[in-house]
Amino acid sequence: MDAIKLKLKSKKLQSGRFQIGFSTEGSIGYYGYLLAEAQTPVQEIIEKIDRHVRAMTDSKRYHQRNLFSFNNREVNSGRILIFKK
């Protein structure tokens, strides 16, 4: 599979963490959000986004656990939210 082109935006939150907003460019149309600690390397964030977007495009069975378990989610889980454009 070809490299996924990403656009990233970050916003520093009062907690000190960063909200990362991203969108894919090209034929794969996704956007989403994730939380990152201030010391998290950008490469690690890109790899996490890439891994999840590829899982969504490669498998029809991909689902986001946090959307199916609102009552059981961990506050600091570091999960990622991805949506189709």
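Taken together, the values in this text are just the output of simple stated rules run on the coordinates, not laboratory data. Just so we're clear, the structure is a prediction, and the values are computed from it rather than from any experiment. Here Cβ is always computed from backbone atoms with ideal geometry, including for glycine, and neighbour counts include all displayed protein chains.
Note on LYS9, LYS85: ascending count of other Cβ atoms within 10 Å places them as LYS85, LYS9, the fewest first.
Exposure proxy check: VAL53, VAL42 ranked by fewest other beta carbons within 10 Å? Provide the component values of the computation, followed by the final result.
Numbers: VAL53 21, VAL42 11.
Arranged by neighbour count, lowest to highest, VAL53, VAL42 become VAL42, VAL53.
Give me ASP58, ASP50 ranked fewest to most by other Cβ atoms within 10 Å of their Cβ, as a rough exposure proxy. Mind showing how you got there, number by number?
Details: ASP58 10, ASP50 15.
Exposure proxy ranking, most exposed first: ASP58, ASP50.
Over all other residues within a Cβ to Cβ distance under 13 Å of GLY29, the charged ones net out to +3, with Lys and Arg as +1 and Asp and Glu as -1.
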